[in-house]
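The values are calculated or read from the model by the stated rules, or taken from the named source; none is laboratory data. Not measured: the values here are computed from a predicted model. All Cβ positions, even for glycine, are placed from backbone atoms using ideal geometry, and neighbour counts span all protein chains on display. What goes into the accessible areas is simple: the full protein's heavy atoms, side chains included, and nothing from ligands, DNA or RNA. Shrake-Rupley method; radii C 1.70, N 1.55, O 1.52, S 1.80 Å.
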Amino acid sequence: MPQALIVGDVGIVGANMRKLLAATPGWHSIGVSRRALPEDPDHIAADLTDRSAALAMAPKLGGITHLFVCARVPGKNPSDEARVNRLLMEHSLDALAAAKAPLQRVVLVHGTKWYGSHLGPYRVPAKEDHPRHMPPNFYHDQQDVAEARCRQGGWTWCALRPHTVWGFSTGTGNNLIMLLAVYAALSKQLGLPLCFPGPAATWSKFSQSTHVDLLNRAMLWAAIAPEAANAAFNVTNGDVFRWCDLWPRVAAFFDMSTGPVQTLSLATMMADKAPVWDAVVAKHGLQPYSMADLAGWAYGDGLMANTWDDVSSTVKIRQAGFAEAIDSEEIFLQSMAELRRNRIIP
């Protein structure tokens, strides 16, 4: 029976991966994160940057056949981020080795920051064999660890590189669909049109995304497909979009008029809007999530600041056998509808 250890099971990718495996016959999963989940008997609370804490998990990991690394530990700066996330990777493998787990494959969930998409314009469409950018980058470090350790451990690895994961999640703030839905609800409560909060270049550039459901299915494929062994793959919805085309549909979803492009710092402008969100929750009888639970405004600012085209080639993963695709505009609206059904947004 395949058993998975999911590192980072409270984030959008890991939490939804546990749901997928729970619904997949023959699979069992254990999750680990720094956050405790007392109601979940298959969750371990541990700081994996601490080797002793990681090794303490070993008695529970004796049956693990697959490791999914979905976590990102923030650092003080890029070098520190690379250091702590390399430790997370190394200590996870140390714990599995101490448990003598029958590990078969490690799946790393990375992203287009591999190509330097966060640093400035990069070569597009990005392909898996494009050269690395100037370090530090913890994605590079983690893959280096996997490549070195697999030769000793007798298992294989696969790295997936999605871009701007969309889907259903609460509690992390790093969810663009949730963030923009909260932004729209706040704007409507204040009697404002729905203005695009990023630069004009972001409004019109080519963007891409990866819905979490598609990513999770790609992760499951990557865990078992022979073609995925010891290889990296871009994985996106399979298309591109422009915000200038999608934005009017978002406004229509909230029954709002569209405003102009209005470049602003969300982190600054939303700093005093928690009471407005509380009023939205009370007015519409929403679930009692705070604004901070749903929207990480600095995360939104970071995404909006990327004014260059974001495009990854998915030819390699399609040729290897995973050929799923989703219409990005349609899944964006479907995801917001799911938030509405769950009474998280009005």
* Alpha carbon centre of the range 73-101 versus the range 274-346: separation in Å? -> 28 Å
* Structure fact -> Gyration tensor on Cα atoms of the range 302-346, a ≥ b ≥ c root eigenvalues, a/c under 1.5 rounded, else prolate if a/b beats b/c, else oblate, says oblate
* Between their Cα atoms, which of 188/283; 19/100; 188/273; 113/316; 205/273 are more than 21 Å away from each other? -> 19/100; 205/273
* **Rounded, prolate or oblate (a/c below 1.5 giving rounded, otherwise prolate when a/b exceeds b/c) for the range 267-346 by Cα gyration tensor** => oblate
* Structure fact -> Non-local residues with an amide H under 5 Å from the amide H of residue 270, with H modelled 1.01 Å from N and Pro and chain starts lacking one, are none
* Asked: Toward the positive end of the charge dipole of the chain, about the Cα centre and with charges on Cβ (Lys, Arg +1; Asp, Glu -1), which of 186, 321, 288 goes farthest?
  -> 321
* To do: For the range 212-346, with all protein chains present and a 1.4 Å probe, just round the carbon and sulfur fraction of the accessible area to a whole percent.
  => 53 percent
* Tell me, what is the Rg over Rh of the range 107-213, with Rh the Kirkwood radius over Cα pairs? -> 1.07
* For the chain, find the longest principal axis of its Cα atoms and tell me its angle to the long axis of helix 138-153, 0 to 90°, nearest 10. => 20 degrees
* Structure fact -> Distance in nm between residue 56 and residue 338 label points, each 7 Å along Cα→Cβ, equals 3.4 nm
* Asked: Helix 78-98 sits at what angle to the longest principal axis of the chain, using alpha carbons and giving 0 to 90 degrees rounded to 10?
  -> 40 degrees
* Rounded to 10°, Cα long-axis angle of helix 12-22 versus longest principal axis of the chain -> 60 degrees
* For the range 1-73, just the Cα atoms, rotate onto the principal axes and tell me the three extents in Å, largest first. => 33, 26, 22
* Cβ under 13 Å from residue 153's Cβ, residue 153 left aside: what net charge do those residues give with Lys, Arg +1 and Asp, Glu -1? -> +1
* **Net charge dipole size for the chain [Lys, Arg +1 and Asp, Glu -1 on Cβ; Debye, nearest 20]** => 240 debye
